[in-house]
Amino acid sequence: MVESSIGGVVPAVKGEVMRRMGDKEEEGSVRDEEVGTVIEWELDRELLCPICMQIIKDAFLTACGHSFCYMCIVTHLHNKSDCPCCSHYLTTSQLYPNFLLDKGCEVSIKELDALLLMLSEKKRKLEQEEAERNMQILLDFLQMLRKQKVDELNEVQHDLQYIKEDLHSVERRRIDLYRARDRYSMKLRMLADDPIGKKPWSSSTDRNFGGLFSTSRNAPGGLPTGNLTYKKVDSKAQISSPGPQRKDTSISELNSQHMSQSGLAVVRKKRVNAQFNDLQECYLQKRRQLANKSRVKEEKDADVVQREGYSEGLADFQSVLSTFTRYSRLRVIAELRHGDLFHSANIVSSIEFDRDDELFATAGVSRRIKVFDFSSVVNEPADAHCPVVEMSTRSKLSCLSWNKYTKNHIASSDYDGIVTVWDVTTRQSVMEYEEHEKRAWSVDFSRTEPSMLVSGSDDCKVKVWCTKQETSVLNIDMKANICCVKYNPGSNVHIAVGSADHHIHYYDLRNTSQPVHIFSGHRKAVSYVKFLSNNELASASTDSTLRLWDVKDNLPVRTLRGHTNEKNFVGLSVNNEFLSCGSETNEVFVYHKAISKPVTWHRFGSPDIDEADEDAGSYFISAVCWKSDSPTMLAANSQGTIKVLVLAA
């Protein structure tokens with residue numbers, strides 16, 4: 001009766017809704033059961049000791065945050081001092097009771113407060129230790145900085161003391177010079193105004209020039225008397241005229257000389273300003289070194305006194321400064337061609353003066369040694385420059401070396417590895433050595449033993465020869481190609497060898513098992529080595545630098561930069577305080593040995609060369625050579641042009 005009274009309800013719909021609601025309730029209960037299981041598993045895991053894998057008893061917490069049974073962790077720490085979970089360093093003093101795990105949720109407020117207090121204290125301790133470490137680092141830094149600045153301050157104070165002493169010495173010296181100049185000027189005026197001094201001057205003039213006067217008057221076609229300085233006037237005027245005339249001339253000459261010196265001083269001051277940093281470094285270096293030496297001498301000998309307070313270091317620097325500022329350019333005084341223009345075989349590989357600087361020889365890829373008379377090249381027209389001697393060779397030439405004792409002997413090395421000694425007088429070879437297996441790049445005669453010479457080759461061998469023997473007397477095997485060799489000018493047993501291994505090997509020929517010293521610093525092959533003195537060595541490299549070395553103390557001295565040299569042999573020559581080298585920019589560079597930047601440079605050019613020519617940029621300086629004890633030098637380029645250059649103000 002009840003079911004029939006419900007009427008229009010759709011049972012199917014009601015049944016479906018009830019079924020879906022039942023499914024949702026069942027799914028929710030399953031998920032709740034899964035989550036509960038995971039939570040229980042996590043809780044169980046937290047309660048397990050990682051060592052014994054049982055429920056933790058007497059839980060203790062480590063400093064790294066892991067909990068263990070007290071006996072388990074103590075037993076472990078007896079054997080190892082690390083945490084079993086993270087391997088962090090751990091000791092028994094870093095164990096703390098874990099009340100939360102030990103008693104579950106039944107922890108009193110008092111126990112929680114104690115635990116929080118302990119953790120707070122631990123945190124403050126760690127923060128304190130971290131702050132102390134940071135403060136110690138800062139303190140160490142500040143102490144190091146203070147020490148560095150104190151050292152710098154002491155150095156600056158010493159430098160200021162040197163400068164103060166030198167200023168006093170220079171001012172005193174300058175006053176002395178001014179007084180001396182005033183004395184000389186006063187004497188000059190007195191001689192010009194003194195009537196007693198006129199007669200001897202006039203009489204001496206008459207004696208010196210009397211012959212000229214009489215010749216001018218009497219010789220046919222001679223100079224008329226009106227062209228002479230002294231005209232024919234009465235005796236009174238003749239006696240009185242020379243005095244005022246000489247006085248006016250002297251004053252005008254002094255004024256003009258003063259003006260020229262003032263202009264020169266301005267120019268030299270500009271050079272000082274341009275290179276002030278390098279000059280400052282040079283001054284301080286010399287002053288400190290010599291001050292230290294003087295201090296040592298004073299300790300040994302209390303009687304050592306510097307001359308009038310003018311220190312040796314200041315005198316040395318004054319010499320450098322005067323020499324450096326004296327020149328500002330290279331002036332061409334002569335030029336000649338070494339062959340046909342634009343011919344590839346015109347490269348001059350080597351150019352060298354003879355013993356007396358009267359002749360110079362050139363050699364290169366043209367397979368000819370040409371010897372020129374220097375005075376003829378300088379004084380005669382360019383079209384008259386012809387070699388006085390010419391000798392042909394079988395191969396391209398790489399290097400020349402004159403014998404400094406036997407004037408007519410010159411040695412050459414060539415691309416076939418042959419080393420030849422020539423007699424320039426007979427134009428014939430004296431000796432030929434063919435032991436090198438590859439191209440020989442360098443040869444050099446000993447200055448102290450004229451019969452000895454040394455050569456280096458691409459076969460990685462250095463050979464020592466004697467002109468009295470047909471075979472080498474000594475052989476040094478090296479690991480890299482040999483680019484250059486040079487005898488020490490003060491020794492016949494010491495040689496410098498430049499190698500493709502970027503190093504300079506300094507050998508004592510009495511023991512060649514290993515070099516005396518290896519100088520390192522170049523980043524590419526060492527192309528030239530030259531000695532400025534018995535203790536000073538200069539080297540050139542294709543890393544575009546020149547370097548100076550002290551072969552006595554085996555120390556690097558200075559690096560010179562300014563030219564460009566990355567692949568070619570561009571030449572190197574030394575002369576007292578100056579060095580010259582070529583550049584792949586077709587320029588000659590001159591350096592002072594105490595300054596790292598060039599003093600001056602000169603670019604090769606020719607009216608026959610079109611500046612827009614594509615090959616013009618490929619020309620380079622290939623050889624240079626100083627005239628001994630002179631500001632004059634020779635330079636040649638890859639085009640075959642040779643120039644005589646002189647340093648000028």
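The values are calculated or read from the model by the stated rules, or taken from the named source; none is laboratory data. None of the values given here were measured: they were computed from a predicted structure. In this analysis, Cβ positions are derived from the backbone assuming ideal geometry, glycine residues included, and neighbour counts consider all displayed protein chains. Ligands, DNA and RNA are excluded from the accessible area calculation, which covers all protein heavy atoms including side chains. Shrake-Rupley method; radii C 1.70, N 1.55, O 1.52, S 1.80 Å.
Only one of HIS522, HIS505 is of a type outside the set (D, E, K, R) and not in a strand (DSSP E or B); which?
Exactly one residue qualifies, and that residue is HIS522.
Check region 321-341 and report whether any residue there is surrounded by fewer than 16 Cβ atoms within 10 Å (Cβ to Cβ), within 21 Å of ASP166 (Cβ to Cβ), small (Gly, Ala, Ser) and modelled with pLDDT of 80 or more.
yes
So, of the residues in region 443-472 that are among the β-branched types (Val, Ile, Thr) and outside any strand (DSSP E or B), which turns out to be nearest to ASN534 (Cα to Cα)?
The qualifying residue nearest to ASN534 (Cα to Cα) is THR448.
Yes or no: LEU264 at pLDDT 85 or above and surrounded by 12 or more Cβ atoms within 10 Å (Cβ to Cβ)?
no
Please work out which one of (1) among the hydrophobic types (A, V, I, L, M, F, W, C); (2) touching a residue at least 40 places away in the same chain (Cβ under 8 Å); (3) surrounded by fewer than 23 Cβ atoms within 10 Å (Cβ to Cβ) is the condition ILE418 fails and give its number.
(2)
Look through region 443-462, keep the residues that are farther than 12 Å from ALA411 by Cβ and within 30 Å of the chain's Cα centre (by Cα), and return whichever of them is most open to solvent (accessible area, probe 1.4 Å).
First, pick out the residues of region 443-462 that are farther than 12 Å from ALA411 by Cβ: 447-449, 456-462.
Now drop any that are not within 30 Å of the chain's Cα centre (by Cα), which leaves 447, 456-462.
Working: ARG447: 116, GLY456: 0, SER457: 0, ASP458: 25, ASP459: 21, CYS460: 28, LYS461: 53, VAL462: 0 Å².
Applying the filter and picking the extreme gives ARG447.
Take LYS103 and tell me if it is modelled with pLDDT of 80 or more and surrounded by 10 or more Cβ atoms within 10 Å (Cβ to Cβ). Steps first, answer last, please.
Numbers: modelled with pLDDT of 80 or more: no; surrounded by 10 or more Cβ atoms within 10 Å (Cβ to Cβ): yes.
Judged against the criteria, LYS103 is not a match.
Here are ILE196, ILE175: which of them is modelled with pLDDT of 85 or more, assigned to a helix (DSSP H, G or I) and not basic (Lys, Arg)?
So the residue among ILE196, ILE175 that is modelled with pLDDT of 85 or more, assigned to a helix (DSSP H, G or I) and not basic (Lys, Arg) is ILE175.
Quick check on region 464-522: of everything there that is among the basic types (Lys, Arg) and closer than 23 Å to GLU566 by Cα, which residue is surrounded by the most Cβ atoms within 10 Å (Cβ to Cβ)?
LYS486
Being surrounded by 15 or more Cβ atoms within 10 Å (Cβ to Cβ) and either at negative phi or not charged (D, E, K, R) (or both) narrows it down to one residue among CYS52, CYS83; which is it?
CYS83
Please enumerate the residues belonging to region 106-142 that are assigned to a helix (DSSP H, G or I), open to solvent by 90 Å² or more (accessible area, probe 1.4 Å) and modelled with pLDDT under 80.
ILE109, LYS110
For the subset of region 294-314 comprising residues that are under 25 Å from ASN575 (Cβ atoms) and open to solvent by less than 40 Å² (accessible area, probe 1.4 Å), which member is modelled with the lowest pLDDT?
Within region 294-314, the match that is modelled with the lowest pLDDT is GLY313.
Can you tell me which of (1) over 23 Å from ASP416 (Cα atoms); (2) modelled with pLDDT of 95 or more is the one VAL462 doesn't meet?
Unmet for VAL462, out of (1) over 23 Å from ASP416 (Cα atoms); (2) modelled with pLDDT of 95 or more: (1).
Here's the yes/no breakdown for (1) part of a loop (DSSP other than H, G, I, E, B); (2) at pLDDT below 90; (3) closer than 24 Å to GLY364 by Cα; (4) within 16 Å of the chain's Cα centre (by Cα):
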position: VAL557; (1), (2), (3), (4): no, no, no, yes
position: THR564; (1), (2), (3), (4): yes, no, yes, yes
position: VAL590; (1), (2), (3), (4): no, no, yes, yes
position: VAL599; (1), (2), (3), (4): no, no, no, yes
position: ALA612; (1), (2), (3), (4): yes, yes, no, no
position: SER622; (1), (2), (3), (4): no, no, yes, no
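If I filter region 530-544 down to residues being under 15 Å from the mean Cα position of the chain (by Cα) and in a strand (DSSP E or B), which single residue comes out as surrounded by the most Cβ atoms within 10 Å (Cβ to Cβ)?
Result: ALA540.
Picking from HIS168, HIS76, which residue would you name as being touching a residue at least 24 places away in the same chain (Cβ under 8 Å), in a helix (DSSP H, G or I) and over 49 Å from the mean Cα position of the chain (by Cα)?
Step by step, each of HIS168, HIS76 is checked, and only HIS76 is touching a residue at least 24 places away in the same chain (Cβ under 8 Å), in a helix (DSSP H, G or I) and over 49 Å from the mean Cα position of the chain (by Cα).
Determine, yes or no, whether VAL430 is assigned to a strand (DSSP E or B), of a type outside the set (Asp, Glu) and modelled with pLDDT under 95.
When the stated conditions are applied, VAL430 passes them.
Are any residues in region 566-588 in a strand (DSSP E or B) and among the aromatic types (Phe, Trp, Tyr), and if so, which ones?
PHE578
Which condition number in (1) more than 16 Å from the chain's Cα centre (by Cα); (2) under 22 Å from CYS399 (Cβ atoms); (3) surrounded by fewer than 18 Cβ atoms within 10 Å (Cβ to Cβ) is the one that GLY582 fails?
Exception for GLY582: condition (3).
Six or more apart or on different chains, Cβ atoms under 9 Å: show the pairs whose first residue is in region 80-92 and of a type in the set (Lys, Arg) and whose second is surrounded by 11 or more Cβ atoms within 10 Å (Cβ to Cβ) and not in a strand (DSSP E or B).
Short answer, once both residue conditions are applied: LYS80/LEU90.
Looking at (1) closer than 21 Å to ARG523 by Cα; (2) surrounded by fewer than 24 Cβ atoms within 10 Å (Cβ to Cβ); (3) among the hydrophobic types (A, V, I, L, M, F, W, C), which is the only condition TRP601 fails?
(1)
Considering only region 62-73, state which residues are in contact (Cβ under 8 Å) with a residue 24 or more places away in the chain and within 60 Å of the chain's Cα centre (by Cα).
ALA63, CYS64
Yes/no matrix, rows are residues, columns are (1) modelled with pLDDT under 95; (2) open to solvent by less than 40 Å² (accessible area, probe 1.4 Å); (3) not acidic (Asp, Glu):
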| residue | (1), (2), (3) |
| --- | --- |
| PHE360 | no, yes, yes |
| SER376 | yes, yes, yes |
| VAL388 | yes, no, yes |
| ILE410 | no, yes, yes |
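Taking ARG547, is it assigned to a loop (DSSP other than H, G, I, E, B), among the basic types (Lys, Arg), under 18 Å from the mean Cα position of the chain (by Cα) and modelled with pLDDT of 95 or more? Show your work before the answer.
On the way: assigned to a loop (DSSP other than H, G, I, E, B): no; among the basic types (Lys, Arg): yes; under 18 Å from the mean Cα position of the chain (by Cα): yes; modelled with pLDDT of 95 or more: yes.
In short, no.
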